[in-house]
Amino acid sequence: MGFLDYSPAPESTGIVSLADEYGLFINGEFRPGRGGVFDSISPATEEVLTRFSEASEEDVDYAIGQARAAYDKVWSKMPGRERSKYLFRIARIVQERSRELAIAETMDNGKPIKETRDVDIPLVAAWFFYYAGWADKLEEATGSHQPHAWGVVGQVIPWNFPLMMLAWKVAPALAAGNTVVLKPAETTSVTAMLFAEICQQAGVPAGVVNIVTGAGATGRALVSHAGIDKVAFTGSTPVGREIAKTLAGRPTALTLELGGKGANIVFDDAAMDEAVEGIISGIFFNQGHVCCAGSRLLVQENVHDELLARLTSRIQTLRLGDPLDKNTDIGAINSRAQLDTISTLTQSGVDEGASIWQSDCALPERGFWFPPTVFTDVSTSHRIAQDEIFGPVLSVLTFRTPDEAVAKANNTPYGLSAGVWTEKASRMLAVVDRLRAGVVWSNTFNKFDPTSPFGGYQESGYGREGGLPGLLSYLRPHSVPAGGKQ
């Protein structure tokens, strides 16, 4: 055994008990869908984990009707302090079932167990705790005597952070007094069904939370339904653009959290070892399946060679393989389709003349895998510097001055995230103010907190999730000011 070799430390899956097949969760109970059924497979082994019902248009219509009834008769009439109790219960049950949820998420998504265990699930609980605290303080949050929820909210979430994205959307929506119909991604619906069980366990009134499973047709039926008052979507920019066109001219509220091509800027005075760890976290966390990933590394020219040497040396120590192994750093790509997308875009970088470097880690024979990849000699016109790859692929560019760094960082149709590494506070503040990104991290990357708003500009979408802005997005602008009349 070599110096950096570890004995396997696999997490047991014995605590997870999945049903052979899951129906839709509507009006507080599971029921079969009227569409077909589809398999959910493990990205690491390609084994079938379970099967899901596909919701038809009639199923979606029924779910929205039940959500409307629950809103009109129960949830909108319930005092905020009572809604808060349900959110606290959900948060506590998530903590109690955290190990089960972390393992299930890893089995279904392919991400390393240490990420689901230490990041995803703790953040899910934190999101519900945070918004539980807001549910009885809507007047203070809005400055209104009569804060109004939108009503029935349709929510569509992606496959990269299945349960965390569910929490980001469901927790503030319920705290504000809305009822929800949520559609998880078709490749990662397992933990949404476990969340449905948690809603039953917490005694959430029937119809307040409804979950419909399926692919694009189910999502389109949900967001285009006339009974939806607000749509919240996280996913690809093309789908977000289609949703915006669908809702144009309608009174339906919309928030979109879409793609990104985040710049991670390293100046020559940065703490080099810390910057290397930040770069690793920025692009290889969650296999790069992160909309705010630092997929473009901008390095000041005079430290380029030194930084790249340290970076590639560090990447060689990352362990890729069984995501249930507690030693694993990089897990499986979520689906064959996404693996094909990553492969195609990586090949475009080679074809356009960039220099490719890949870790020589061994890839498992079964499942969907892609090695950590770094491109150098990249220009801003290269496709790998413009298109979102959504995989463990880093494109490295250089700059000489802060002005050039800002110009290259902003040279993207997206505007979701960025990071800056420098020991000079004055340089940090001067650069951060000029970056067109919804989130900018200072000497760190990919850190999330329920109190901090998250969202983008341009083709990264609009609206914010998290923090007070995330709560306000689930309340109608209509208000009666404190001490005033409507």
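The values are calculated or read from the model by the stated rules, or taken from the named source; none is laboratory data. The shown structure was predicted, so the numbers you read here are calculated from the model rather than taken from an experiment. Here the Cβ is made from the backbone with ideal geometry for all residues, glycine too, and neighbour counts use every protein chain on show. Keep in mind that these areas ignore ligands, DNA and RNA; they rest on the heavy atoms of the full protein, side chains included. Shrake-Rupley method; radii C 1.70, N 1.55, O 1.52, S 1.80 Å.
Values as computed for the structure displayed
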item: C-alpha center-to-center spacing [segment 431-465, segment 171-227] in angstrom; result: 26
item: Solvent-accessible surface ranking, highest first, for E423, E465 at 1.4 angstrom; result: E423, E465
item: Partner aspartates and glutamates for K137 [C-alpha distance under 14 Å; skip if fewer than 8 residues away on the same chain]; result: E82
item: Calculated FRET efficiency for the pair F88/D20, C-beta based, R₀ 35 Å, to 0.05; result: 0.60
item: V48 versus N443: modelled label distance in nm, points set 7 Å from Cα along the beta carbon direction; result: 5.4
item: Among 319-327, 143-151, the order from most to least packed when residues are scored by Cβ within 10 Å on average; result: 319-327, 143-151
item: Virtual spin-label span in nm between E274 and A215, 7 Å along Cα→Cβ; result: 4.7
item: Local electrostatic count at Q347 - Lys and Arg +1, Asp and Glu -1, tallied over other residues with Cβ under 11 Å; result: -2
item: For segment 263-442, projected area of the alpha-carbon convex hull averaged over all directions, nm²; result: 9.8
item: Residue-span extension gain [R400 to A425] - 0.36 nm each, minus C-alpha spacing; result: 7.1 nm
item: Difference of contour (0.36 nm per residue) and Cα-Cα distance, R314 to Y462; result: 49.7 nm
item: Burial order of peptide ranges 105-112, 184-191 (average beta-carbon count within 10 Å, highest first); result: 105-112, 184-191
item: Identified option (computed Rg/Rh (Cα atoms, Kirkwood Rh); candidates [x] 1.19; [y] 0.99; [z] 0.97); result: [z]
item: Euclidean distance of C-alpha centroids, segment 1-41 and segment 278-307, integer Å; result: 31
item: Share antiparallel - DSSP beta bridges, segment 263-442, percent rounded to 5; result: 15
item: Local net charge near M78, Cβ-Cβ under 13 Å (Lys/Arg +1, Asp/Glu -1); result: +2
item: Length added when fully stretched, E365-Y6, from 0.36 nm per residue minus Cα-Cα; result: 127.3 nm
item: DSSP-defined antiparallel bridges as percent of all bridges, the chain, nearest 5; result: 30
item: Calculated from backbone phi, Karplus (6.51, -1.76, 1.60) coupling profile of segment 368-374 in Hz, x at Gly/Pro; result: 10, 9, 8, x, x, 10, 10
item: Using a Förster distance of 25 Å, the FRET efficiency for Q201-K77 (Cβ separation, nearest 0.05); result: 0.60
item: Ranked packing of 249-257, 20-28, most packed first, by mean Cβ within 10 Å; result: 20-28, 249-257
item: Å² per residue, accessible surface of the chain at 1.4 Å; result: 38
